[in-house]
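A.B. asks: The structure under discussion is supplied below as structure tokens; questions concerning it will follow.
The values are calculated or read from the model by the stated rules, or taken from the named source; none is laboratory data. It should be emphasised that the depicted structure is a prediction, and the values quoted were computed from it without experimental measurement. With ideal geometry, Cβ positions are generated from the backbone for all residues, glycine too; neighbour counts draw on all protein chains shown. Each accessible area value is taken on the protein alone, full model and side chains, heavy atoms only, with ligands, DNA and RNA left out. Shrake-Rupley method; radii C 1.70, N 1.55, O 1.52, S 1.80 Å.
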Amino acid sequence: MTNRPLIGVSTYLNEATWGPWDPQQAVLLPERYPQQVQSAGGTAVLLPPDAPETAPGLLARLDGLVISGGPDVNPALYGALPHPKTRATAPERDLWEAALLRAALAAGLPLLGVCRGMQLLNVVCGGTLVQHLEDGQRHLPSAHRYGSHPVRPLPGTRLAELLPEPEIEVPTAHHQAVHVLGEGLVVSALAEDGTVEAIEGTGFVLGVQWHPEQGTDLRVMQALVEAARVPAVV
């Protein structure tokens, strides 16, 4: 028997209302993230923004990490001025999730970056981002729904082992992308237009530009959970 691995999933702060209460700051995460962790055989632990220095101690208690999607990464983190269409609205998330990623990389903790999470992984490793895909309708067809398009896993990568098809259709919603690749990372999937759709590093370090939690394909999340699985204590 084995334990269900504890998979931390980053969350965000946003103003919300419920019941009779006035709007107030709430810790939010789309339900599909923890649902997919659970369906893949893990236990989801939600991680609200916290002091960056607490990240290493927290991750010592977890078996794996998911950095979820969300708003644009602050371009100052990779030495760029903001594009007019950049919407970097979560500075506390930037610092917290960057700390989580650095701690996970240092500890060799299995990690998965989703959309923004992949972009921030690239930035933490010294890379940069394209701040706006000028011809990016297929990547972000509408501000209020997910689109889909094919991606091509690249032979010889971990992702191609997980997704051996020549091409897969993925749920997508992004207007930014990897520009200069971060140190120690390799590109593991491309879109038809050449946009980087996945990156990976040593151990189980994977970033995908699409949103696996919005689809039915569990293979990426299952791979994270398997990498995080530890023997049960008996």
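A.B. asks: Taking into account only those residues within the stretch 166-191 that are open to solvent by less than 30 Å² (accessible area, probe 1.4 Å) and aliphatic (A, V, I, L, M), which is farthest from Ala88 (Cα to Cα)?
C.D. replies: Ranking the candidates gives Ile168 first.
A.B. asks: In addition: Can you tell me how many residues within the stretch 78-93 are more than 17 Å from the chain's Cα centre (by Cα) and not hydroxyl-bearing (Ser, Thr, Tyr)?
C.D. replies: Residues in the stretch 78-93 being more than 17 Å from the chain's Cα centre (by Cα) and not hydroxyl-bearing (Ser, Thr, Tyr): 8 in total.
A.B. asks: Please work out which residue is least open to solvent (accessible area, probe 1.4 Å), limiting yourself to the stretch 58-83 and to residues that are farther than 30 Å from Val225 by Cα and of a type in the set (Gly, Ala, Ser).
C.D. replies: Only one residue tops the list, namely Ala80.
A.B. asks: Let me ask something additional. Quick check: is even one residue across the stretch 84-94 open to solvent by less than 60 Å² (accessible area, probe 1.4 Å), in contact with a helix residue (DSSP H, G or I) (Cβ under 9 Å, 6 or more places away or on another chain) and under 17 Å from Glu183 (Cα atoms)?
C.D. replies: no
A.B. asks: Shifting gears a bit: Looking only at the stretch 145-188, count how many residues are in contact with a Lys or Arg (Cβ under 6 Å, 6 or more places away or on another chain) and assigned to a strand (DSSP E or B).
C.D. replies: Total meeting the criteria: 1.
A.B. asks: Only residues that are without any contact (Cβ under 8 Å) to a residue 60 or more places away in the chain, in a helix (DSSP H, G or I) and of a type outside the set (A, V, I, L, M): list them for the stretch 88-118, please.
C.D. replies: Passing the criteria: Pro91, Asp94, Arg102, Arg116.
A.B. asks: Another question, then. Check Pro48, Pro34, Pro52 and return the single one that is modelled with pLDDT of 95 or more, open to solvent by 10 Å² or more (accessible area, probe 1.4 Å), over 24 Å from Gly203 (Cβ atoms) and in contact with a Leu (Cβ under 8 Å, 6 or more places away or on another chain).
C.D. replies: Only one candidate passes the filter, namely Pro48.
A.B. asks: Continuing with this model, one more query. Any chance you could count how many residues in the stretch 192-218 are more than 10 Å from the chain's Cα centre (by Cα), closer than 18 Å to His149 by Cα and either among the charged types (D, E, K, R) or surrounded by fewer than 23 Cβ atoms within 10 Å (Cβ to Cβ) (or both)?
C.D. replies: Number of matching residues: 11.
A.B. asks: State the number of residues belonging to the stretch 1-44 that are in a strand (DSSP E or B), over 18 Å from the mean Cα position of the chain (by Cα) and small (Gly, Ala, Ser).
C.D. replies: So the answer is 2.
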